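Working notes, structure below.
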Amino acid sequence: MTTKGRILSGMRPTGQLHLGHVIGALRNWVELQSAYDCFYFVADHHALMSEYSHPEVIRESTLNNVADWIACGVDPDQATVFVQSHVPEHAELHVVLSAITPLGWLERCPTYKEQLVELEKGGKDVRNYAFLGYPVLQAADIIMYKANYVPVGEDQIPHLELTREIVRRFNGTFCKAGGEIFPEPQPKLTAVPRLLGLDRRKMSKSYGNAIFLSDPAEEVAKKIATMYTDPKRVRRADPGHPEECNVHDYYLAFAPERAAEVADKCRSAAWGCTDCKKDLAATLNAFLDPIRAKRTELLGDKAALERILRAGNERARAVAAATMKEVRLAVGYWGF
Ligand code: TRP
Ligand code: SF4
């Protein structure tokens, strides 16, 4: 399991997971867990940044999300699955890193303004200190486990670059040459199929355009019926352009072996969009059925789910405690 190095990734518990999470993260997590030593965690401190006015969302989403991770194939016997706030070392390392992170690095982080706009569109007020410090806490998460790789999408690369700069600065400031404590984590870019929301904007709970893993089958079918399709295909007899159609993207993501046939039937107008969507609903529900069954089973025995998390927390904490010991020594605080 430890052959190729260590991987770390996390997700903020801010509500139900949707298909965007499956395609954007979970599939990769499952793929990576057998070849790498993977640490996957619930970023509840990060979630507080945007959910502080209704923190019960964090509490509820933690178990819910972990149930979805496992239902999608994350195996807590292979990967270490844990909760950030249960490893208090994250907060401690964040404080240390904050001292060596110039404000300019944070203010210049290109994802900063974008994310601000997106969160505010979703009605969140994130003009708080935590938002500015988000990448510093993220750096602490990553380097705590001396992760070699972080699976990221293109848009997250600047965050990771910031982590690498913080690592260089930490090692340069506090470690003797040759005695560096932290490796620079590398991005693990993985090919992720495009999957937009029902309305072709980014899939997001706050846009109301998401299909959730918890949606019952009828709800999934109803949502798919509302999906935007090829705008040029007005009448049933018009030939379609699958490459411009969101529905076709869903086939590519969830039933790639059928995408060519779907595209043919679309271009030749052998079937209409209603037929195509009904078929997609059946295809997606076949994909989601076992996931729904597994998540229901997991959430039916919360005590067992909690035991999984507690075991993961303990494993993570052992690593984090060792790292923090090194950090306190390297910084040179009195008494350690
Ligand atoms: N930023 C991630 C999210 O939005 C959560 C996260 C926190 C994370 N720390 C991380 C991801 C470290 C990867 C590595 O859900
Ligand atoms: Fe899209 Fe399918 Fe309609 Fe073609 S037939 S435009 S792929 S929904």
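R194 meets the conditions (1) under 30 Å from D141 (Cβ atoms); (2) open to solvent by less than 70 Å² (accessible area, probe 1.4 Å); (3) not polar (S, T, N, Q) in every case but one. The failed one is (2). I'm checking my understanding of the structure. Among residues of region 1-56 that are under 19 Å from P183 (Cβ atoms) and basic (K, R), which one is modelled with the lowest pLDDT? Per the criteria, the residue is K4.
Where in region 87-147 are there helices (runs of 4 or more DSSP H), lying wholly inside it, with at least 1 residues that are of a type in the set (S, T, Y) and in contact (Cβ under 8 Å) with a residue 40 or more places away in the chain?
In region 87-147, 110-121, 129-144 are the helices (runs of 4 or more DSSP H) which contain 1 or more residues that are of a type in the set (S, T, Y) and in contact (Cβ under 8 Å) with a residue 40 or more places away in the chain.
Answer yes if at least one residue in region 309-326 is assigned to a helix (DSSP H, G or I), in contact with a Ser or Thr (Cβ under 7 Å, 6 or more places away or on another chain) and open to solvent by less than 70 Å² (accessible area, probe 1.4 Å), and no otherwise. Scanning region 309-326 turns up at least one residue that is assigned to a helix (DSSP H, G or I), in contact with a Ser or Thr (Cβ under 7 Å, 6 or more places away or on another chain) and open to solvent by less than 70 Å² (accessible area, probe 1.4 Å).
Of the helices (runs of 4 or more DSSP H) lying entirely inside region 188-292, those containing at least 2 residues that are under 15 Å from I23 (Cα atoms) and out of contact with any Ser or Thr (no Cβ under 8 Å at 6 or more places or on another chain) span 246-254.
The residue of region 225-237 that is nearest to ligand 1 (Cβ to nearest atom), among those that are modelled with pLDDT under 95 and over 19 Å from E261 (Cβ atoms), is Y228. For region 131-150, residues that are open to solvent by 50 Å² or more (accessible area, probe 1.4 Å) and either in contact with a helix residue (DSSP H, G or I) (Cβ under 9 Å, 6 or more places away or on another chain) or acidic (D, E) (or both) total 2.
Within region 80-103, being open to solvent by less than 20 Å² (accessible area, probe 1.4 Å) and within 22 Å of E306 (Cβ to Cβ) holds for T80, V81, F82, V83, Q84, V87, E89, H90.
The values are calculated or read from the model by the stated rules, or taken from the named source; none is laboratory data. Bear in mind the structure is a predicted one, so any value in this text is a computation, not a measurement. When we count neighbours, we look across all protein chains shown, and the Cβ atoms used for this are built from the backbone with ideal geometry, even at glycine. Remember, those area values only see protein heavy atoms, side chains included, never the ligands or the DNA or RNA. Shrake-Rupley method; radii C 1.70, N 1.55, O 1.52, S 1.80 Å.
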